[in-house]
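Engineer: Would you mind keeping the following structure in view while I ask a few things?
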Amino acid sequence: MMRKLWSSFLRLFRESDRALLPADSRQVRPLTIVVAIMCALGCLAGLSASAGFRAADTWTSDLKSAMSVVVQSPRGDADLTRAAAIVGRVAGVTRSEAMSRDRAKELLRNYGTDMSTTIDALPVPRLIEVGVVAGQTNVKADIERVLKAAGFTVTVDDHSRFTGEVLRTSTLVRIVAILALVALVVAAIATIAFAARAALETRREAVNILHLVGAKDAFVAREVQIRFLRLGFVAGLIGAGVAGVLALIGTLVFAFGASDFTSGAPLLAWTDVWILLIAPMITGSASAIAANMAARATLRDLV
Amino acid sequence: MNEKTRTPRYRDGGPIVRFDKVGVTYGSGTQALRNVSFELESGGFYFLTGPSGAGKSTLLKLMYLALRPSQGRAQLFGVDIGSASRDDLPMLRRQIGVVFQDFRLLPHLSVFDNVAMPFRVRDVPLSHYAEDVDDLLRWVGLGGRIDALPETLSGGEQQRVAIARAVVGKPSLLIADEPTGNVDPEMGARIIRLFIELHKLGATVVIATHDLDLVRRSGAPVLQLEAGELTQFPGLEPGAKARR
Ligand SMILES: Nc1ncnc2c1ncn2[C@@H]1O[C@H](COP(=O)(O)OP(=O)(O)OP(=O)(O)O)[C@@H](O)[C@H]1O
Ligand SMILES: [Mg+2]
């Protein structure tokens with residue numbers, strides 16, 4: 001049973017020796033390689049777009065679920081604790097914690113440049129770390145309002161500047177990836193169309209004979225189409241396989257040498273496997289359609 | 001486009017082929033036919049003779065729709081072949097069986113599949129024609145070679161494959177260009193018998209040949225070409241020179 005299934009699966013990739021317009025093996029191999037490479041690049045572009053989307057999503061949702069309140073006055077430890085308690089009662093706030101002077105200093109130090117000598121001279125910002133339900137609107141305004149009512153002067157930072165930046169960057173990455181994908185698809189279609197035309201021209205005598213025994217153009221075009229469907233599907237399988245392996249290697253390299261920044265965006269995620277799965281089908285059907293249209297156009301030029 | 005023009009149908013009674021002052025000039029400038037006029041009755045049996053280069057194959061090419069006339073009007077099954085749309089040609093061609101002078105078999109296909117070609121281009125399932133193809137191949141003496149490739153056959157055997165392909169679909173018009181040129185007299189007679197059988201089934205048959213013995217014995221009407229001009233045709237008294 002399995003053997004039979006397997007052999008009928010293999011038959012998909014072998015041309016029947018009854019094919020009326022047989023493929024030219026000298027043409028098939030290089031063409032398969034070209035289309036496979038295009039498909040692999042297309043898959044990588046698709047995976048990049050998706051990974052970019054995922055990374056941006058992770059970052060922005062991290063940023064969106066947190067705010068910081070900078071208390072300008074009054075700045076005493078007890079005042080800060082009181083302010084944190086007030087913020088904790090605002091709807092949509094999940095966590096509200098006053099930050100100690102030492103941690104705030106640490107945070108400043110972490111900004112990278114060595115300011116250890118000057119930092120002690122700077123006024124330490126008094127901060128409240130706030131966790132919020134992501135997507136909840138008005139939380140920022142509510143916090144500002146209640147603290148002002150309690151006599152505090154504050155600024156609330158909801159990171160909107162950062163999330164905007166991240167979204168812009170990730171959108172740009174996705175647009176570039178999608179443009180690359182479109183360019184690859186166009187190139188692949190043009191390649192197939194060219195090959196289909198060449199295939200018909202080299203088999204002109206066979207095409208003439210088929211016409212003379214009563215074949216319609218649609219029939220001849222279908223014979224060509226079947227061949228290119230097979231070629232596109234096989235090339236798509238190879239290309240998606242290669243892209244999968246490359247993405248896996250990329251993911252592993254990132255995982256082992258990862259900084260905090262990059263580990264958020266593995267190139268290959270389980271949710272992206274569908275890109276690799278549909279690639280052969282898209283390549284196969286695009287190639288079949290391109291071949292069919294090119295064949296019909298070529299046949300119209302014949303007498 | 002309406003159904004009638006899509007599948008042109010020949011209405012019985014009129015001539016199946018009608019040429020009116022037809023001329024053919026090839027791209028090279030050769031005038032292969034000039035001023036050719038004649039009619040073939042539906043259900044007739046005709047020979048086409050003439051010296052080599054006289055234009056016999058050219059005339060037949062017009063009749064099997066491989067060529068359009070350069071001058072004049074040619075009608076087939078009542079359809080003007082000079083102006084017939086490309087989409088109408090397949091339906092017309094399916095009513096015609098052709099034995100090409102150079103056979104024109106597909107070299108990569110077996111004998112069986114070459115003969116089955118007219119069915120395959122119409123998407124007829126294998127089970128509907130397998131037996132007919134086998135029978136016919138046995139009849140032309142190739143029963144043992146159905147899986148052979150054309151290149152492994154002799155010229156005469158290839159010719160018989162071409163003949164089997166031409167008649168297997170029971171065409172209403174059979175056109176044969178030198179169908180007995182490469183076979184021994186016994187097989188030649190057998191092939192002519194096959195054509196006569198088809199003719200009895202109602203087909204119109206046109207055979208181009210150099211075999212004047214065969215023509216004389218049959219007593220069938222003759223079209224004679226000389227240097228691209230018709231010098232004898234049905235309805236014209238034999239021996240009288242055609243004048244227009
Ligand atoms: N495709 C072509 N292009 C140019 N000239 C051609 C072509 N086919 C035939 N001719 C010329 O047209 C003339 C008639 O050729 P045709 O093949 O019709 O002769 P024929 O009567 O069939 O000869 P044969 O008995 O040798 O088969 C010849 O002079 C030939 O050279
Ligand atoms: Mg000839």
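The values are calculated or read from the model by the stated rules, or taken from the named source; none is laboratory data. As the structure is a computational prediction, the values presented were derived from the model and not from experiment. FYI the Cβ positions are ideal-geometry reconstructions off the backbone, even for glycines, and counts take in every protein chain you see. Protein only, heavy atoms only, side chains kept; ligands, DNA and RNA dropped before computing areas. Shrake-Rupley method; radii C 1.70, N 1.55, O 1.52, S 1.80 Å.
Engineer: Take the conditions touching a Gly at 6+ places or on another chain (Cβ under 6 Å), open to solvent by 40 Å² or more (accessible area, probe 1.4 Å) and either within 14 Å of chain B (Cβ to nearest Cβ) or touching a residue at least 60 places away in the same chain (Cβ under 8 Å) (or both) and apply them to A:LEU167. Does it pass?
Structural biologist: In short, no.
Engineer: Against the condition open to solvent by 50 Å² or more (accessible area, probe 1.4 Å), within 13 Å of another protein chain (Cβ to nearest Cβ) and part of a helix (DSSP H, G or I), how does B:ASP132 come out, does it pass?
Structural biologist: No; evaluated as a whole, the condition is false for this residue.
Quick grid of which residues meet (1) at pLDDT 90 or above; (2) in a helix (DSSP H, G or I); (3) open to solvent by 90 Å² or more (accessible area, probe 1.4 Å):
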| residue | (1), (2), (3) |
| --- | --- |
| A:LEU31 | yes, yes, no |
| A:ILE37 | yes, yes, yes |
| A:TRP59 | no, yes, no |
| A:LEU63 | no, yes, no |
| A:GLN72 | no, no, no |
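Engineer: Let me spell it out: the conditions are (1) out of contact with any Gly (no Cβ under 9 Å at 6 or more places or on another chain); (2) modelled with pLDDT under 95, and B:GLN101 meets all of them except one. Which number is the exception?
Structural biologist: Only one criterion is unmet by B:GLN101, namely (1).
Engineer: If you take the residues of segment B:35-64 that are within 13 Å of chain A (Cβ to nearest Cβ) and open to solvent by less than 10 Å² (accessible area, probe 1.4 Å), which of them is nearest to ligand 2 (Cβ to nearest atom)?
Structural biologist: Selected residue: B:LEU60.
Engineer: Applying the selection to segment B:91-106, what residues are within 9 Å of chain A (Cβ to nearest Cβ), open to solvent by 10 Å² or more (accessible area, probe 1.4 Å) and either over 21 Å from A:ASP217 (Cα atoms) or part of a helix (DSSP H, G or I) (or both)?
Structural biologist: Once the filter is applied, which keeps residues that are within 9 Å of chain A (Cβ to nearest Cβ), open to solvent by 10 Å² or more (accessible area, probe 1.4 Å) and either over 21 Å from A:ASP217 (Cα atoms) or part of a helix (DSSP H, G or I) (or both), segment B:91-106 yields B:MET91, B:ARG93.
Engineer: Name the residue that is farthest from the other protein chains (Cβ to nearest Cβ), counting only residues in segment B:65-90 that are in a loop (DSSP other than H, G, I, E, B) and over 16 Å from the mean Cα position of the chain (by Cα).
Structural biologist: This residue is B:GLY78.
Engineer: Considering each residue of segment B:144-168, count those that are more than 16 Å from ligand 1 (Cβ to nearest atom), surrounded by 23 or more Cβ atoms within 10 Å (Cβ to Cβ) and not aliphatic (A, V, I, L, M), and give that number. Spell out how you get there, then give the answer.
Structural biologist: Of all residues in segment B:144-168, those more than 16 Å from ligand 1 (Cβ to nearest atom) come to B:144-154, B:156-158, B:160-161, B:163-168.
Those still in the list that are surrounded by 23 or more Cβ atoms within 10 Å (Cβ to Cβ) too: B:160-161, B:163-167.
Still in the running and not aliphatic (A, V, I, L, M): B:160, B:165.
Qualifying residue count, segment B:144-168: 2.
Engineer: When you go through (1) open to solvent by 30 Å² or more (accessible area, probe 1.4 Å); (2) part of a helix (DSSP H, G or I); (3) within 14 Å of chain A (Cβ to nearest Cβ) one by one for B:VAL115, which number turns out not to apply?
Structural biologist: Going through the list (1) open to solvent by 30 Å² or more (accessible area, probe 1.4 Å); (2) part of a helix (DSSP H, G or I); (3) within 14 Å of chain A (Cβ to nearest Cβ), B:VAL115 breaks only (1).
Engineer: Hey, another quick one. All but one of (1) surrounded by fewer than 17 Cβ atoms within 10 Å (Cβ to Cβ); (2) within 16 Å of A:THR283 (Cα to Cα) hold for A:LEU179; which doesn't?
Structural biologist: Of (1) surrounded by fewer than 17 Cβ atoms within 10 Å (Cβ to Cβ); (2) within 16 Å of A:THR283 (Cα to Cα), only one is false for A:LEU179: (2).
Engineer: Pick from segment B:174-205 the residues that are surrounded by 23 or more Cβ atoms within 10 Å (Cβ to Cβ) and within 16 Å of ligand 1 (Cβ to nearest atom): which of them is farthest from the other protein chains (Cβ to nearest Cβ)?
Structural biologist: Restricting to residues being surrounded by 23 or more Cβ atoms within 10 Å (Cβ to Cβ) and within 16 Å of ligand 1 (Cβ to nearest atom), the top hit is B:THR180.
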